[in-house]
Amino acid sequence: MNDYVISLRRKFHQNAELSFKEFQTSKMIARELSEMGLRPMPIAGTGICCDINGKTQGRTVALRADIDALPLEEMSGDQFSSKNKGVMHACGHDAHIAMLLGVARKLSADPSFPGRVRLMFQPAEESPPGGAIEMIREGVMENVDFVLGQHVISTLPAGTIGINFDYGAAISDEFFITITGPGGHGSRPHETSDVVYITSLFIVSAQALISRMTDQTQPAVLTFGTIKAGDRFNIIASKSEISGTVRTYSKEIRDKIRDGLRDMLASLCNLHGAQFSFNYEEGYPALLNDRRVAEVVNQVAAQLAGKDHVVYPPPTMGGEDFSRFLEVAPGAFFRLGVGNVEKGITASQHSPRYRIDESALLLGVNVMTETALRLLLNGIPD
């Protein structure tokens, strides 16, 4: 099993594909499942859904792996680096696919369990609004009692399992702003609406939405990621473009920050005689684990990895498309450590130098498999 999963992971890594373009990835997944005697079905374009039926009727547990890669030129140095120029599995989704196929191989070889395990290979986790919402629209979560997902992470040592009993990831929204006004010569600013100046005031002032207008007991992040304005040192620009992201766990705080950004922008533009457009796109919901399902993962992880190798990290402010499945059925999303300082495996997710310690993958297979079986057999504790 260990060799099987590592071999698969390397094949998927070499054939990295972008969101909703995972055509070869999808074919490779379907081929593996078919060779196990299973019946994979396409869903959400390039996604795959496949049921493994047990010996008797019972509960249904859904297991998810995301399958897309990132637009990065790989610099990992691995012999099995991506063959597709400018595309790299820099977030570990190749490992997720391989581990879920490992789970499928174990369960299909011995389907003596009650109920059903539903395998969900999801496209486009990296590109909001993501593939999960489309899979749900097409019925992937119908009659599902529990849902599980995992994510490899290089900030935890290989062989470590990280569990959150409530929030695990944040709401992840995007905004895009354009400010326009009459530009002019740099020597005569009084004849213009200086959009660079307005943009500067807005970016600095907007941080008060976090530091002075948001309850400090509630996590919130406001980041401006891009600014584009101007063409020459002595010309006052007539247009600036800004983009950024808002992260929080609370929808109410998200709405307050969104409305605050718009109101602040309107006031500044009105004061300085400029116009603006404000496009705010809601991204993934906050990832909220079910405490009871997370406790089952916790018990399984402690048994398989040892209590000393189970940790409870603070929730991240990153976004995760798995949150959509958790809005439909109770479940849990856990982290599998794949970092290794001694081997030089320390690069973070989304780095062109990202690598993983593959020795951890078998643990991921076993934790996912055993947790699914316990949920099928026993459900969740009261």
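The values are calculated or read from the model by the stated rules, or taken from the named source; none is laboratory data. What you are looking at is a predicted structure, and each value in this text was computed from that prediction instead of being measured. We place every Cβ from the backbone using ideal geometry, glycine too, and count neighbours over all the protein chains shown.
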Every residue in the stretch 29-54 that is over 22 Å from the mean Cα position of the chain (by Cα) and in a helix (DSSP H, G or I), please.
Ala30, Arg31, Glu32, Leu33, Ser34, Glu35
Check the stretch 2-18 and report whether any residue there is among the aliphatic types (A, V, I, L, M) and surrounded by fewer than 16 Cβ atoms within 10 Å (Cβ to Cβ).
no
Which listed residue, of Val338, Val328, is within 30 Å of Lys85 (Cβ to Cβ), touching a residue at least 60 places away in the same chain (Cβ under 8 Å) and under 18 Å from the mean Cα position of the chain (by Cα)
Val338
In the stretch 65-85, which residues are of a type outside the set (Val, Ile, Thr), in contact with a Phe, Trp or Tyr (Cβ under 7 Å, 6 or more places away or on another chain) and assigned to a loop (DSSP other than H, G, I, E, B)?
Ser76
Yes or no: the stretch 132-140 includes at least one residue that is out of contact with any helix residue (DSSP H, G or I) (no Cβ under 8 Å at 6 or more places or on another chain), closer than 17 Å to Gly47 by Cα, surrounded by fewer than 18 Cβ atoms within 10 Å (Cβ to Cβ) and not small (Gly, Ala, Ser).
yes
For the stretch 295-312, indicate whether the set of residues that are within 17 Å of the chain's Cα centre (by Cα), surrounded by fewer than 21 Cβ atoms within 10 Å (Cβ to Cβ), more than 30 Å from Phe202 (Cα to Cα) and not β-branched (Val, Ile, Thr) is non-empty.
no
Take the stretch 228-268 and flag every residue that is among the basic types (Lys, Arg) and part of a strand (DSSP E or B).
Lys228, Lys239, Arg247
Taking the stretch 215-241 and the residues there that are modelled with pLDDT of 95 or more and hydroxyl-bearing (Ser, Thr, Tyr), the one that is surrounded by the most Cβ atoms within 10 Å (Cβ to Cβ) would be Ser240
Hey, could you check the stretch 316-370 for residues that are among the charged types (D, E, K, R) and over 18 Å from Ile161 (Cβ atoms) and say which is surrounded by the fewest Cβ atoms within 10 Å (Cβ to Cβ)?
Glu342
Could you grab the pairs with beta carbons closer than 8 Å, sequence gap of 6+ or different chains, first residue in the stretch 38-56 and over 18 Å from Gly102 (Cβ atoms) and without any contact (Cβ under 8 Å) to a residue 40 or more places away in the chain, second one part of a strand (DSSP E or B) and among the basic types (Lys, Arg)?
none
What's the total number of residues in the stretch 344-359 that are in a loop (DSSP other than H, G, I, E, B) and touching a helix residue (DSSP H, G or I) at 6+ places or on another chain (Cβ under 7 Å)?
1
Within the stretch 127-159, restricting to residues that are polar (S, T, N, Q) and touching an Asp or Glu at 6+ places or on another chain (Cβ under 9 Å), the one that is modelled with the lowest pLDDT is Ser127
Could you list, in sequence order, all residues of the stretch 227-237 that are touching a strand residue (DSSP E or B) at 6+ places or on another chain (Cβ under 6 Å) and closer than 14 Å to Tyr197 by Cβ?
Ile227, Ala229, Ile236, Ala237
